[in-house]
1. Would the stretch 158-179 turn up any residue that is surrounded by 13 or more Cβ atoms within 10 Å (Cβ to Cβ), small (G, A, S) and not in a loop (DSSP other than H, G, I, E, B)?
2. Which residue pairs have Cβ atoms under 6 Å apart, sit 6 or more places apart or on different chains, and have a first residue in the stretch 146-170 that is touching a residue at least 40 places away in the same chain (Cβ under 8 Å) and a second that is open to solvent by 30 Å² or more (accessible area, probe 1.4 Å) and assigned to a helix (DSSP H, G or I)?
3. Looking only at the stretch 138-163, count how many residues are within 23 Å of C198 (Cα to Cα) and within 16 Å of the chain's Cα centre (by Cα).
Amino acid sequence: MFKKILLLLIFTSTSLFSQSNWGKFKQLSTPKKVWVFFHPFKAKKALLISKEANRVADSIQKSPLLDGDASGGQVDAFRHAFWMARLRQKIGKKAARSLGRAHEKENYQTFQKRKLEDGVVPDKISSSMDLFNNDVGLTFTKKGSVASKEGLIYQIINAIHQGRLKIIKKDKRGKFLTCKGAVISNESLQGKWVNNKCLVFSNKKS
């Protein structure tokens, strides 16, 4: 999910309006262009944190600490919470939250264009999950906090096991379920922003 955010922020690593970066900037969605214009001096820090969040989540996915599910599961929830926690540390709560919201606004545009995010086309339920977990992630730190990355990782993992975050309900085979436990066919999900997927607490067992 962070690939587009990285593209958004790359151009700030040198000069904001350099000719080499202007072409990349023009390709961005409107929500992310707006974010960069309002936070030009925070964008480079956000870029580094986004890369870090990807690396840490990839490592967690390969471990037995969570469910290994990076698309609607505990790893997905972890990535968003950790990303927001670290962003708040470095750029503040307001800027962090607005970047997260800019990404979710772009998700609807991604859905309309049928592009893949984390291997699947985003939908309303996944955006709702992300926004919820973003807000939880913001509670773990404050701007300028000296909390270590390792400490944050385990705080967030514990919060997931305590059910404080949200994931999308699935069965043991990874099939999406309704809130009543019925399997949702892949065909019924195609082309639908609003569907019958169900958000559950992050300690819910498949």
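The values are calculated or read from the model by the stated rules, or taken from the named source; none is laboratory data. Just so you know, these numbers come straight off a predicted model, no measurement behind them. Here the Cβ is made from the backbone with ideal geometry for all residues, glycine too, and neighbour counts use every protein chain on show. Just so you know, the surface numbers come from the protein's heavy atoms only, side chains and all, with ligands and any DNA or RNA stripped out. Shrake-Rupley method; radii C 1.70, N 1.55, O 1.52, S 1.80 Å.
1. Yes; the residues of the stretch 158-179 include at least one that is surrounded by 13 or more Cβ atoms within 10 Å (Cβ to Cβ), small (G, A, S) and not in a loop (DSSP other than H, G, I, E, B).
2. Pairs that qualify, where the first residue is touching a residue at least 40 places away in the same chain (Cβ under 8 Å) and the partner is open to solvent by 30 Å² or more (accessible area, probe 1.4 Å) and assigned to a helix (DSSP H, G or I), are K166/F132.
3. Within the stretch 138-163, the first condition is being within 23 Å of C198 (Cα to Cα), and the residues that meet it are 156-163.
Now narrow it down to the ones that are within 16 Å of the chain's Cα centre (by Cα): 156-157, 160.
Here the count works out to 3.
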